[in-house]
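**Student:** Encoded as structure tokens, here's the structure I'll be asking about.
The values are calculated or read from the model by the stated rules, or taken from the named source; none is laboratory data. A quick note: this is a predicted structure, and the numbers were derived from the prediction, not measured. Every residue, glycine as well, gets a Cβ built from its backbone with ideal geometry; the counts of neighbours run over all protein chains shown. Heads up: the accessible areas ignore ligands, DNA and RNA and are worked out on the full protein's heavy atoms, side chains in. Shrake-Rupley method; radii C 1.70, N 1.55, O 1.52, S 1.80 Å.
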Amino acid sequence: MTRFTAAARTAVTHRLFWPAAVLAVLVLGNVAFTPNFLHIEVRNGHLYGSLIDILRLGAPLVVVSLGMTVVIATRGIDLSVGSTIAISGALACLVISDSGDQNSVGGVLVAVGLALALSLVLGLWNGFLVAGIGIQPIIATLILMVGGRGIAQLITDGQIITINSDPYELIGGGYLATFPFSVLVAVVMIALTAFLARRTALGVLIEATGGNAEASRLAGIRARGIMVMVYLFCGLCAGIAGLMISSNVHSADGNNAGLWYELDAILAVVIGGTSLGGGRFSLGGTVLGALIIQALSTTVYTVGIPPETTMLFKAVVVTVVCLIQSPAFRAKVFGRRPRPTPTTPAEPAKIEVPA
């Protein structure tokens, strides 16, 4: 029994336990309202089901949240990811719509390449403002958050660009080997980010920069270069998400595409256990947090919550999740106090009396 209790305490204190528990509760809640919620079937060679829909629709948020995680790990923030999503999708759809053959694979690859290149430029702009000039991250990215919508509107000429391209549809709405292609892209991005952050020294450098940028610089770490790199990566992630979203709906809307995605990404990172104060971060927690946000949206439709109270419902659930993850809150609720660390009494100072 002692071993079981110790194992249970170890599991509860793990950083991924509470996000995973909340996600499981949301899934079970949906099962209570929809008995076949967990049912997955193969239809026309494709996987279908509510769980597949959560993964497919949550893939763009997962990708964006990965970029947001490494930015927050450096004690930064990126409020411009929603605008970058709109710009990426708008440019890709514009290039495809202007091409002679929208089903040309070469034309689609050119459109995707240009969209991702522009997303990298936008990420570089944010990194330059933050690391090069020294503007506060929230202000630097707020500039692109506001101005980026204008850029997307200029690209689309204030209209919704509609396309009909089968190769482009594959990115966000297609299937590969019966599985949604967007989920496969998200898995590749997760694996790539985890490899760079946990199998190389890059993750340690990011955490060191977020812990204390000045101390890192004095230790020989190019903190400014690390900051520029994470904003570049965040811009790339937002660009990929923009391609997913626009290809899934066959159109680009410069005004509404990616709207409030920056807030959902920040919530996903926080729910996953990454501190906004910088330093250590959790990629696994971020993925679970993004899936929780998408599962909440699915729960809203499953339970039949009125649309006018949707945002309030999500806010309440997110608040509860953040509270139960707080050790201080759990200590107050369950009446547990952290044990003081035992200290060794200091030896009395020896006073030498001159002869």
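**Student:** For labels at residue 256 and residue 276 in the simple 7 Å Cα→Cβ model, what's the distance in nm?
**Tutor:** The answer from the label model is 2.9 nm.
**Student:** Ok, one more. Cβ neighbours within 10 Å, averaged per peptide: list 295-302, 116-123 in order, most packed at the top.
**Tutor:** 116-123, 295-302
**Student:** Could you state the principal axis extents of the C-alpha atoms in the range 57-303, from the largest down, to the nearest angstrom?
**Tutor:** Extents along the principal axes: 55, 40, 33 Å.
**Student:** Follow-up. At 0.36 nm per residue, minus the direct Cα-Cα distance, what do residue 301 and residue 187 gain on full extension? Give it in nm, one decimal, please.
**Tutor:** Full-extension gain reported as 38.4 nm.
**Student:** With r defined as the distance between the Cβ atoms of residue 319 and residue 38 and R0 fixed at 30 Å, what FRET efficiency is calculated, to the nearest 0.05?
**Tutor:** 0.65
**Student:** What does the accessible area per residue of the chain come to in Å², with a 1.4 Å probe and no ligands, DNA or RNA counted?
**Tutor:** Each residue of the chain exposes 52 Å² on average to a 1.4 Å probe.
**Student:** If amide H atoms are built 1.01 Å from N in the plane of the peptide, which residues on other chains or at least 5 residues away come under 5 Å of the amide H of residue 278?
**Tutor:** 75
**Student:** Pop out the carbon and sulfur fraction of the accessible area of the chain as a percent, whole number, probe 1.4 Å.
**Tutor:** That fraction is 67 percent.
**Student:** With +1 on each Lys and Arg Cβ and -1 on each Asp and Glu Cβ, and nothing else charged, work out how big the dipole of the chain is about its Cα centre, in Debye to the nearest 20.
**Tutor:** Charge dipole, the chain, about its Cα centre: 1720 debye, nearest 20.
**Student:** For the range 148-239, would you read off the P(r) tail past 23 Å as a percentage of all alpha carbon pairs?
**Tutor:** That tail contains 50 percent of the Cα-Cα pairs.
**Student:** Amide H to amide H, which residues 5 or more places from residue 176 or on other chains are under 5 Å from it, using H placed in the peptide plane?
**Tutor:** 181
**Student:** Still on this structure, please answer the following. What are the trypsin sites (Lys or Arg not before Pro) within the range 217-248 that DSSP puts in a loop, where the Cβ has at most 14 other Cβ atoms within 10 Å?
**Tutor:** The qualifying sites are 222.
**Student:** Right, next: Of 95, 281, 162, whose Cα points farthest to the positive end of the dipole of the range 57-303 (charges on the beta-carbon: +1 Lys, Arg; -1 Asp, Glu; origin at the Cα centre)?
**Tutor:** My answer, from the dipole projection, is 281.
**Student:** How long is the gain from residue 139 to residue 308 if the chain were fully straight, where each residue apart is worth 0.36 nm and the alpha carbon distance is subtracted?
**Tutor:** The residue 139-residue 308 span can extend by a further 57.7 nm.
**Student:** Right, next: Select from the chain the helices, each a whole stretch of DSSP H, whose alpha-carbon atoms run 20 Å or more along the helix axis and whose Kyte-Doolittle mean is at least 1.6; answer none if there are none.
**Tutor:** Counting only whole DSSP H runs, the qualifying helices are 17-33, 50-73, 81-98, 105-127, 181-198, 223-249, 310-325.
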